[in-house]
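For reference, the structure is listed below as structure tokens.
The values are calculated or read from the model by the stated rules, or taken from the named source; none is laboratory data. Because the structure is a prediction, the values reported are computed rather than measured. Virtual Cβ from ideal backbone geometry, glycine too; neighbours counted across all protein chains shown.
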Amino acid sequence: MNVTGIIVEYNPLHNGHLYHIKNTKKLTNCDAIIAVMSGPFVQRGEPAVVDKWTRTKMALQSGIDLVIELPVIYAKSSAEGFAFGAVSTLEKTGIVNNICFGSELGNADILYKIAEILIEEPPKYKSLLKMYLDEGLSFPSARLKALNNYIIYHNLLNVNDVNIENILNNSNNILGIEYIKSILKLNSKIIPFTIKRVSNKYNQQELSGVISSATSIRKNINDINVLNAMPDYSYKLLKEQIDKKNAPISLKNFEDIIFYSIRSKTTDEIKQIIDVSEGLENKIKEAAENCYDIYSLIDSVKSKRYPQTRIQRILINILLNHKKELITKINSPAEYIRILGFSEKGRELLKQMKKTSTVPIITNPNRKDYNLLKYDFDAQDIYSLSLDGKNKIAKSDLKTTPIYWQQ
């Protein structure tokens, strides 16, 4: 069976995602699609707008055959950690032949070449990177300039036809490069494919009709025009949770907990949190003592070197108490496969995976799985505090079975 993997957040699932699924099937000629999906927290350093079980239903109704949860330690990491966790999860299934991701460029060969440079790190590139970091640029900005100069200097791509800086300035291209880097790191035989994004940028805040970004949908979630940007079933599932007061979830829902967590910690304790470096703990502590809402705190701490998404990821790491000792795990391949949902074809994939997977496959977790799934269980318990009524009860992951979708 020809199986393609995709890496998603579906925050929430919209028509652009449906376009990606349909074209993935065409481009890779696959028999089945496995999606690795973020759980309660997402890569931009935010809680998911709606819970993972609702998003799993959206995925299965859109033609995904098997939904696997991306462990939280990867899901709210930088692009590199996010990609490595997701690709290693697909690799561990033992049945995935391809991955297919969206990109602004739509050319996997060029992204592959850039990924090779980043893996090999030639001396000239490394010296350029150090120079730009020494100038005070953030790592993503320094890497962009170093790659741009290195590629142009060595004429590695047809720069007359391809604007390197434009490629490296687009978030989905960057994620695509990280997916390919992960394939190379793992010495995987998975083949990368990419589909060109259509109509909008991922961070566009205004609704743009049938194909609108997830950012614009979240920002305008109570606008009736959101219905035009989402499949009917996806909108219905989202609206059900909004009506139950279980969506939309944002950083604002965790504002008091985050402020408490920072104010009750010393600067030395904050320094131990993932992504906190170069005295940032002092700025965070001061902001938490002088600001009165989460967004003014972020504005007080962010800078050219430390963009908003990094600050948000730090706040999520503080919320989850994820310390630097976890970095070793983030830099290591996935240790388990947690199933959130499956179709009838997905059930067949699970049977195959039980023969080919090199890590445990967990469908109905119980207390003996706690040590393996500790960070995911804890993240879900914290996320549940933003929900309404009985949904706040802890250990919901021990009480919820995978979703079986019968078409």
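Please give the number of the condition residue 338 fails out of (1) in contact (Cβ under 8 Å) with a residue 60 or more places away in the chain; (2) among the basic types (Lys, Arg); (3) in a helix (DSSP H, G or I); (4) buried (at least 18 other Cβ atoms within 10 Å of the Cβ). It is condition (3) that residue 338 fails. Beta carbons closer than 7 Å, at least 6 apart along the sequence or on distinct chains, pair a first residue in segment 381-407 that is within 19 Å of residue 319 (Cα to Cα) and without any contact (Cβ under 8 Å) to a residue 60 or more places away in the chain with a second that is in a helix (DSSP H, G or I) and basic (Lys, Arg) for 384/392.
Scanning segment 91-144 for residues being buried (at least 18 other Cβ atoms within 10 Å of the Cβ) and not in a helix (DSSP H, G or I) gives a total of 11. Of the residues making up segment 314-328, those that are buried (at least 20 other Cβ atoms within 10 Å of the Cβ) and either touching a Gly at 6+ places or on another chain (Cβ under 6 Å) or assigned to a helix (DSSP H, G or I) (or both) are 314, 315, 316, 317, 318, 319, 320. Taking the criterion of being in a strand (DSSP E or B) and under 20 Å from residue 102 (Cβ atoms), would at least one residue in segment 68-79 satisfy it? The answer is yes; a qualifying residue exists. Screening residue 167 with (1) more than 30 Å from residue 128 (Cα to Cα); (2) among the β-branched types (Val, Ile, Thr); (3) touching a residue at least 40 places away in the same chain (Cβ under 8 Å); (4) out of contact with any strand residue (DSSP E or B) (no Cβ under 7 Å at 6 or more places or on another chain) gives one miss only, at (1). Could you say whether any residue in segment 1-13 is hydrophobic (A, V, I, L, M, F, W, C), crowded, with 24+ Cβ neighbours inside 10 Å and in a loop (DSSP other than H, G, I, E, B)? Looking for residues that are hydrophobic (A, V, I, L, M, F, W, C), crowded, with 24+ Cβ neighbours inside 10 Å and in a loop (DSSP other than H, G, I, E, B), one finds at least one in segment 1-13, hence yes.
Does residue 290 fit the bill of being farther than 20 Å from residue 76 by Cα, touching a Ser or Thr at 6+ places or on another chain (Cβ under 8 Å) and either modelled with pLDDT of 95 or more or of a type outside the set (D, E, K, R) (or both)?
For residue 290, the condition - farther than 20 Å from residue 76 by Cα, touching a Ser or Thr at 6+ places or on another chain (Cβ under 8 Å) and either modelled with pLDDT of 95 or more or of a type outside the set (D, E, K, R) (or both) - is met.
Within segment 273-297, being surrounded by fewer than 19 Cβ atoms within 10 Å (Cβ to Cβ) and either under 25 Å from the mean Cα position of the chain (by Cα) or not in a helix (DSSP H, G or I) (or both) holds for 277, 278, 279, 291, 292, 293, 295, 296.
Based on this model, can you work out whether residue 311 counts as more than 19 Å from residue 263 (Cβ to Cβ), modelled with pLDDT of 95 or more, buried (at least 16 other Cβ atoms within 10 Å of the Cβ) and of a type in the set (A, V, I, L, M, F, W, C)? No, not satisfied.
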